[in-house]
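> Okay, here's the structure, questions in a sec.
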Amino acid sequence: MAKYDYRGIIHCHSTYSDGTGDMEEIAKAANDAGLDFVMMTDHDQMKPVEDGQEKWAGSSLIICGTEITPDKNHYIVFGDKKLKDVDKLRGMKPQEYIDAVNKQGWFGFIAHPDHGGTQKFGIPSYRW
């Protein structure tokens, strides 16, 4: 069985949420860097999917998911269709939104498993 080495980014935000680059700029940067893929994780929405942003952009595959972002315990999710009720997931407890994501056939992983907080901005630690 052949083995392949793929280079990419698994957690990236665009101007759809709090990122500084739009999807076109991110795709160009990915191609310029020789990346095989970029997994977009804009906060609490599926707008990039609705807008057709999940696609091949040159030699880089742009995959769109979302980052569920309640006050603590952010969770990154990906799947093969639009995630239903993404706006309601923020109000759930971690195990509830993990179960809701799994029920829709999506998969997820912890976004910041060792976040130590930021004293300067009053953000407490939210280690899982």
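Taken together, the values in this text are just the output of simple stated rules run on the coordinates, not laboratory data. Remember, predicted model here, so these are calculated numbers, not experimental data. Quick reminder, even Gly has a Cβ in these numbers, built from the backbone with ideal geometry, and neighbours come from all protein chains shown.
> What single numbered condition from (1) closer than 21 Å to Leu83 by Cα; (2) out of contact with any Gly (no Cβ under 8 Å at 6 or more places or on another chain); (3) among the small types (Gly, Ala, Ser) fails to hold for Ala2?
For Ala2, the failing item is (1).
Residue-by-condition table, conditions (1) exposed (fewer than 12 other Cβ atoms within 10 Å of the Cβ); (2) in a strand (DSSP E or B):
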position: Trp56; (1), (2): yes, yes
position: Leu61; (1), (2): no, yes
position: Asp71; (1), (2): yes, no
position: Lys81; (1), (2): yes, no
position: Asp87; (1), (2): yes, no
position: Met92; (1), (2): no, no
position: Gln95; (1), (2): yes, no
position: Asn102; (1), (2): no, no
position: Gly105; (1), (2): yes, no
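> Moving on. I'd like to verify a number: residues in the stretch 14-54 that are among the hydrophobic types (A, V, I, L, M, F, W, C), surrounded by fewer than 15 Cβ atoms within 10 Å (Cβ to Cβ) and within 20 Å of Asp85 (Cα to Cα), how many? Step through it out loud before you land on a result.
Within the stretch 14-54, the first condition is being among the hydrophobic types (A, V, I, L, M, F, W, C), and the residues that meet it are 23, 26-27, 29-30, 33, 35, 37-40, 46, 49.
Then drop every residue that is not surrounded by fewer than 15 Cβ atoms within 10 Å (Cβ to Cβ), which leaves 33.
Filter once more, keeping what is within 20 Å of Asp85 (Cα to Cα): none.
Adding up the residues that qualify gives 0.
> Continuing with this model, one more query. Out of the residues in the stretch 1-13 that are within 11 Å of the chain's Cα centre (by Cα) and in a strand (DSSP E or B), which is surrounded by the most Cβ atoms within 10 Å (Cβ to Cβ)?
Restricting attention to the stretch 1-13, the residues satisfying the condition of being within 11 Å of the chain's Cα centre (by Cα) are 9-13.
Right, trim to in a strand (DSSP E or B) and you get 9-12.
On the way: Ile9: 17, Ile10: 15, His11: 15, Cys12: 19.
Per the criteria, the residue is Cys12.
> What are the residues in the stretch 1-36 that are touching a residue at least 12 places away in the same chain (Cβ under 8 Å), more than 30 Å from Asp71 (Cβ to Cβ) and aromatic (Phe, Trp, Tyr), if any?
Residue satisfying the conditions is Tyr6 alone.
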